[in-house]
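One structure is given below, encoded as structure tokens.
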Amino acid sequence: MNILICDDMPKEAQALVDAVKAAGFEGNITSFTNGADALSHIQAGAKTDLCFLDIIMPEMDGIVLARRLREAKYNGEIVFLTTTNEYAAESYQVNAHSYLIKPPTAQGIADILRKIEDAQKNADTAGIPVVTRNITRFLFFHEISYVEVMGKKVYFHLLDSSSIEINAAFYELLPQFLADRRFAQCHRSYVVNMNAVSYIHGKEVFFRCGKKAPISKSYAEFANQYIKWAFGKER
């Protein structure tokens, strides 16, 4: 998940960044102190899943910014920050997810992030049927960290650190993954869900599940693909 914060008070913006991190969030956070810059950032195509917008700001307040974002076809979540609940009606007019009374707590933010992530997962129905000797199930793409082939076996490594092994031809499965923009190859034997990447170091990609995969010379462009994905240029 990619988060944007817009608050004209730098100390309060930093306090929100700290609270988001304290809530256990590990994704990208971009912070702005004025609405115009936040709007330009999203209009430029930056991938943003959630905006925390301070309502009381000079020049362009949070409500106006939210309206401009919706006019710019931003369809991500919006959460307002305010010192009073008198703006509740306006928040519904721009299809806001909710609003938080300042100063927000890590627990309050964690609750919102969990609800948004659950909703995103429930809305994401792309996946692949998996049949093994003991398991028959539909495996959602958002459950997968990466896919690995060894010999005639394909391994689906999942976000919960478990794995599913099947007998299949990797070349037959590969097009199904690469047709989904979140997946890319880092090696001829690995295809990666870029949403599951924690970071890239040297010639290895590290996943949030704690595992890692190699990046081969033939797929050196993977690092650039990931950077473009992380900063929203692929959507």
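The values are calculated or read from the model by the stated rules, or taken from the named source; none is laboratory data. As the structure is a computational prediction, the values presented were derived from the model and not from experiment. Ideal geometry is used to build each Cβ from the backbone, glycine not excepted, and the neighbour counts take in all protein chains shown.
Within region 182-202, the only residue that satisfies the criterion of being over 18 Å from the mean Cα position of the chain (by Cα), farther than 18 Å from Val154 by Cα and in a loop (DSSP other than H, G, I, E, B) is Gly202. Give the residue that is surrounded by the fewest Cβ atoms within 10 Å (Cβ to Cβ), with candidates limited to residues of region 203-220 that are part of a loop (DSSP other than H, G, I, E, B) and in contact with an Asp or Glu (Cβ under 8 Å, 6 or more places away or on another chain). The qualifying residue surrounded by the fewest Cβ atoms within 10 Å (Cβ to Cβ) is Arg208.
Filtered by the rule that a residue be touching a residue at least 40 places away in the same chain (Cβ under 8 Å) and closer than 12 Å to Asp7 by Cβ, region 27-54 gives Cys51, Phe52, Leu53, Asp54.
Residues considered: Leu139, Leu178, Leu159. Of these, the only one that is within 26 Å of Gly76 (Cα to Cα), in contact with a Cys (Cβ under 6 Å, 6 or more places away or on another chain) and not acidic (Asp, Glu) is Leu159. Yes or no: region 93-116 includes at least one residue that is within 26 Å of Lys228 (Cβ to Cβ), assigned by TED's automatic domain parsing to the domain that holds Arg67 and under 19 Å from the mean Cα position of the chain (by Cα). Within region 93-116, one or more residues are within 26 Å of Lys228 (Cβ to Cβ), assigned by TED's automatic domain parsing to the domain that holds Arg67 and under 19 Å from the mean Cα position of the chain (by Cα). Within region 177-235, the set of residues being within 18 Å of His142 (Cβ to Cβ) and basic (Lys, Arg) comprises Arg181, Arg182, Arg208, Lys211, Arg235. In region 150-177, the residues that are outside any helix (DSSP H, G or I) reach residues that are aromatic (Phe, Trp, Tyr) and surrounded by 12 or more Cβ atoms within 10 Å (Cβ to Cβ) with C-beta atoms within less than 7 angstrom, at least six apart or across chains, in these pairs: Val154/Phe170; His157/Tyr146; Ser163/Tyr155; Ser163/Phe156; Ile164/Phe156; Glu165/Tyr155.
Only residues that are assigned to a loop (DSSP other than H, G, I, E, B), modelled with pLDDT of 80 or more and either in contact with a Pro (Cβ under 9 Å, 6 or more places away or on another chain) or surrounded by 12 or more Cβ atoms within 10 Å (Cβ to Cβ) (or both) were counted across region 98-125, and they come to 4. Evaluate region 134-143: report whether one residue or more is in a loop (DSSP other than H, G, I, E, B) and either surrounded by 15 or more Cβ atoms within 10 Å (Cβ to Cβ) or modelled with pLDDT of 90 or more (or both). Looking through region 134-143, none of the residues is in a loop (DSSP other than H, G, I, E, B) and either surrounded by 15 or more Cβ atoms within 10 Å (Cβ to Cβ) or modelled with pLDDT of 90 or more (or both). If only residues of region 61-85 that are free of Cβ contacts under 8 Å to residues at least 12 places away in the same chain and not in a helix (DSSP H, G or I) are counted, the one that is farthest from Ala119 (Cα to Cα) is Lys73. For region 60-82, taking the residues that are within 23 Å of the chain's Cα centre (by Cα) and among the aliphatic types (A, V, I, L, M), the one that is nearest to Gly35 (Cα to Cα) is identified as Leu65. The conditions of being surrounded by 17 or more Cβ atoms within 10 Å (Cβ to Cβ) and modelled with pLDDT under 90 are met by Lys47.
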